[in-house]
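A short worksheet on the structure shown next.
Just so it is clear, none of the values below were taken in a lab; they were calculated from the coordinates. The structure presented is a predicted model; accordingly, all values stated were derived computationally and were not measured. No Cβ is skipped: glycine too gets one built from the backbone with ideal geometry, and neighbour counts run over all protein chains shown.
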């Protein structure tokens with residue numbers, strides 16, 4: 001049976017009715033991985049033995065008449081910066097090439113309680129630093145809609161696995177758009193929850209004040225189902241919010257009548273490709289037809305968001321990645337004759353060019369004499385960006401923007417790092433303000449998916465999901481299937 005574009009909620013129903021078995025489903029998806037992953041290269045590590053054992057366990061539960069959770073027996077993929085006990089976790093870096101975690105991330109603990117299945121770990125930009133999944137030490141992931149193009153990043157493996165039918169659901173992480181942008185490039189749904197909704201414990205840190213784990217799925221309903229499981233307070237993460245987790249699936253109703261949707265003028269100016277902007281305008285018209293009220297607003301400090309991000313994020317990365325020194329774990333240069341020489345050589349050889357670039361930038365802005373000039377000033381601007389959103393939400397319930405100013409572009413494109421950084425202009429402000437954001441498919445340009453981003457108030461996931469679900473049910477974009485071809 002072909003399970004491409006099959007959803008969690010559809011497969012759950014089939015499992016409960018015994019129309020399929022979890023073992024059959026899991027084997028079918030591994031067969032799909034065998035058939036296409038040599039082209040897509042979504043996975044770095046597979047865990048077939050444990051996955052099939054878990055599938056058999058769920059089948060036994062069903063046979064005994066036990067009630068199973070919505071994710072039980074449904075195979076998913078995990079980004080390779082999220083720890084699973086006993087399963088290689090590399091962050092797509094040479095420095096962690098053979099690292100085996102001795103504990104589960106909090107999200108993995110929650111998913112295991114729901115008896116779900118982990119197919120394996122997906123490729124990513126090294127230490128989540130990138131927007132293309134080209135900076136991985138191991139391989140470049142390809143976009144299933146056109147194998148000559150990037151899948152986006154840094155969660156490119158998780159998004160391409162969904163688009164290629166190599167997983168039913170997946171987890172990514174989002175520091176400046178790393179769930180939403182690859183979801184957009186691959187025609188998937190991707191949601192970054194409010195900062196603190198999901199514990200970061202067990203997610204290898206890039207920028208601790210920005211990182212957030214979230215799902216990438218085939219539709220909005222599946223995103224709500226995964227959120228239900230992974231959200232919640234965690235004693236291991238002091239930034240996780242002590243808030244009761246609502247049942248996000250109860251927000252899934254077709255109703256945007258009277259909902260005020262804000263259009264920030266700064267997200268519709270120069271830099272957004274005209275064909276992408278046209279697809280977003282059509283989506284806006286669809287919302288008007290569905291009864292939403294469109295409001296023009298301004299986020300005046302948006303122009304400083306990317307610059308500010310590329311001071312704060314590298315600064316936090318510089319501190320977080322200092323632990324990878326070749327002493328306790330990870331890659332070690334064995335030819336060094338002294339400890340300082342060993343540390344320098346291990347880090348130089350273990351980290352790729354993009355990671356080294358960001359570490360050096362972060363170390364510079366934190367150094368004596370430059371802290372006030374750069375980092376302190378960036379944190380002050382971050383406050384202004386957050387205040388812009390607060391004022392905007394006095395006039396509207398959520399915001400609508402393009403997820404990315406462009407569709408997926410060719411692998412190996414001749415863009416400078418700065419040009420690639422600027423492509424995150426629509427997603428970065430959401431992380432800076434700690435807000436929830438979702439990307440859903442809203443059209444095509446040159447046969448490539450276009451993503452629409454909805455941005456919510458803090459803890460406003462339910463409103464986002466309702467608005468996204470209403471649009472999704474009124475259109476067919478989420479049902480389109482990637483061709484796995486090239487141009």
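The table that follows gives values for the structure above.
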| quantity | calculated |
| --- | --- |
| Ascending count of other beta-carbon atoms within 10 Å, so fewest first, for 64, 69 | 64, 69 |
| The chain: relative contact order as a whole-number percent, Cα under 8 Å and 6+ apart | 18 percent |
| Residue-averaged [θ]222 nm for the chain, counting only DSSP H segments that reach four residues, each worth -39500 (n - 2.57) | -11000 deg cm²/dmol |
| Largest-first principal axis extents of the Cα set of the chain (Å) | 64, 53, 49 |
| Per-peptide average of other Cβ atoms within 10 Å, ordering 367-374, 136-143 highest first | 136-143, 367-374 |
| Residues listed by number, the range 348-370, amide nitrogen under 20 Å from residue 338 label point at 7 Å toward C-beta | 348-349 |
| Global geometry of the range 361-442, whether rounded, prolate or oblate, following the gyration tensor of its Cα atoms and the 1.5 cut on a/c | oblate |
| Sequence of 415, 448 once ranked by neighbouring C-beta atoms within 10 Å, starting from the fewest | 415, 448 |
| Share, in percent, of DSSP beta bridges within the chain that are antiparallel, nearest 5 | 65 percent |
| The range 158-208: relative contact order as a whole-number percent, Cα under 8 Å and 6+ apart | 30 percent |
| Global form of the range 392-477, assessed from the alpha-carbon gyration tensor, a/c cut-off 1.5 | oblate |
| Pairs of Cα atoms farther than 18 Å apart, the range 312-386, % | 48 percent |
| Cα extents of the range 97-178 along the three principal axes, largest first (Å) | 39, 26, 25 |
| Relative exposure of 145, 169, judged by other C-beta atoms within 10 Å (fewest first) | 169, 145 |
| Cα centroid separation, the range 113-183 to the range 243-305 (Å) | 25 Å |
| Paired Rg and Dmax values of the range 14-121, which use every Cα atom, in angstrom | 14.5, 47 |
| Separation between Cα centres of the range 327-378 and the range 1-41, rounded to whole Å | 43 Å |
| Calculated P(r) of the range 155-301 - Cα pairs past 21 Å, % | 56 percent |
| Mean Cα-pair separation over length for the range 400-487, i.e. relative contact order, pairs under 8 Å, 6 or more apart, % | 29 percent |
| Gain on full stretching of the segment that runs from residue 254 to residue 85 - 0.36 nm per residue minus C-alpha separation | 56.8 nm |
| Inter-label distance, nm, simple model (7 Å from Cα along the C-beta direction), residue 364/residue 479 | 5.2 nm |
| Contour excess over end-to-end distance, with Cα ends at residue 373 and residue 323 and 0.36 nm allotted per residue | 15.4 nm |
| Two-decimal ratio, the range 225-352, of alpha-carbon radius of gyration to 2.2 N^0.38 Å | 1.72 |
| Cut-off 17 Å (backbone N to label point 7 Å along Cα→Cβ of residue 391), residues of the range 301-329 | 301-305 |
